[in-house]
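The structure under discussion appears below in the form of C-alpha cells.
The values are calculated or read from the model by the stated rules, or taken from the named source; none is laboratory data. Bear in mind that the values here come from a model prediction, so they are computed numbers and not experimental data. Using ideal geometry, Cβ is built from the backbone for each residue, glycine included, and neighbour counts are taken over all protein chains shown. Accessible surface is based on the protein model in full, side chains and every heavy atom, while ligands, DNA and RNA are left aside. Shrake-Rupley method; radii C 1.70, N 1.55, O 1.52, S 1.80 Å.
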Amino acid sequence: MAQKARLLVVEDEAAIRSGLVDVFVYHGYEVETADNGDDGLRLALSGKFDLVLLDVMLPGVDGFEICNRIRQQDRQQPVIMLTAKSSDEDIVQGLTLGADDYVAKPFSVTQLVLRVQAVLRRSGSAEDTAREIRLNNGLVIDSANLCAGDIVFTRREMELLQYLSQQADRPVAREELLARVWGYANHMEIETRTVDIHIAKLRRKIEIDASSPEAIVTVRGAGYRLMLGE
Ligand code: CA
C-alpha cells in the first residue's frame, strides 16, 4: 500500500476503541476515532476515510442511522458494522442499510483485520472491473457506476451480480457465494441467510416482478442462477 489507509473508528467503549486503535496502527493504518454518534456522523460524512468501523449502540446518533446517512451521501464508502451481539435483527438491519460487512462482538482481532483488508481490497479493485451486465429482461447494469439507470446498487450487490454473471451458465450455491463474494471460508446458518437477504434485495431492484423472478432464478437444491440477455 503506497499510502496508509485511513480508518475511522466510531465506538463509545474506551477499552474497545483504544484496542482497535492499537491493532490498526500496528497494521499500518492511520486511525481517527469518535466516541459518540454525533462526532462519528460528522467525521464519517467528511469523505476522508477509506473505511468506517461503526459500532451500533452509541450515545447520540446510533450506528444504523450513521450508516444510513453515509449511504445517502456516498454508496461506495466502505463500512463495517460492529454488532453488539450476533442477533439476526442487528445483522439484517445492518445489511439492509448497506454496510459492506459486519463483525459480531466479541470479535477476534485477527478476523476483524482480515475483514477490513478484504473490504478495502474489493473497494480498490471495483474500479478496475468496468463492464456492463445485460440481463434477459433487458436491464443493462453499469457495474463501474453501481447502477442501472435510476436503480442504484451497493458494492456488495454488484459483486454478487458480477460473480453470478461470470458463472451464468450454471446455478451457484449459497456456500460458494459466501466463499467467493463474502470471503467467508466457514459458513454458518446466519451467513447463508445473508445470501438470501441480498438476493431478495437485488430481485426487488432488477426483476420486473420480484414475486416471480426471471433474472435471478432459484434452482432447487443447487442455488441461484443469473439469466443474461443478448
Ligand atoms: Ca457501544
Item to check | the range 152-230 - accessible surface per residue (Å², probe 1.4 Å) | outcome: 49
Checklist outcome for this item: Computed from every Cα-Cα pair in the range 1-83, P(r) in 10 Å bins starting at 0 and rounded to whole percents is 20, 55, 23, 1
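So if we plug the beta-carbon distance of D169 and S123 into 1/(1 + (r/R0)^6) with R0 = 30 Å, what FRET efficiency do we get, rounded to 0.05?
Numbers: r = 28 Å, r/R0 = 0.94.
That pair, D169 with S123, gives E of 0.60.
By DSSP, what percent of the beta bridges with both residues in the chain are antiparallel, rounded to the nearest 5?
On the way: 12 of 29 bridges.
Here the antiparallel bridges make up roughly 40 percent for the chain.
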Checklist entry - Which ³J(HN,Hα) values in Hz, rounded to whole numbers, follow from the phi angles of the range 21-27 under the Karplus curve 6.51 cos²θ - 1.76 cosθ + 1.60, where θ = phi - 60° and Gly and Pro get x? => result 4, 4, 4, 7, 5, 4, 8
Checklist entry - With axes computed from alpha carbons, what is the tilt in degrees of helix 109-125 against the longest principal axis of the chain, rounded to the nearest 10 within 0 to 90? => result 50
Item to check | Protein accessible area in the chain, 1.4 Å probe - carbon and sulfur % | outcome: 48
Checklist entry - Helix-derived [θ] at 222 nm for the chain: sum -39500 (n - 2.57) over DSSP H runs of at least 4, divide by residue count, nearest 500? => result -12500 deg cm²/dmol
Checklist entry - When all alpha-carbon pairs of the chain are counted, what percent fall beyond 27 Å? => result 34
Item to check | Angle between the chain longest axis and helix 63-73 axis [Cα atoms, degrees, rounded to 10] | outcome: 60
Next on the checklist: What whole-number distance in Å separates the alpha-carbon centres of the range 145-170 and the range 22-40?
Outcome noted: 31
Item to check | Over the chain, relative contact order from alpha-carbon pairs under 8 Å, at least 6 apart, % | outcome: 13
Next on the checklist: Give me P(r) over the range 132-226, computed from all C-alpha to C-alpha distances, binned every 10 Å, as integer percentages.
Outcome noted: 16, 54, 27, 3
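Which value, in debye to the nearest 20, describes the size of the charge dipole of the chain about its Cα centre when Lys and Arg Cβ atoms bear +1, Asp and Glu Cβ atoms bear -1, and nothing else is charged?
Rounded to the nearest 20 debye, it is 540 debye.
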Checklist entry - Given the Cα-Cα distance of A144 and R69 and 0.36 nm per residue of separation, how much length would full extension add, in nm? => result 24.8 nm
Checklist entry - So what is the accessible area of the range 6-123 per residue, in Å², with the probe set to 1.4 Å? => result 44
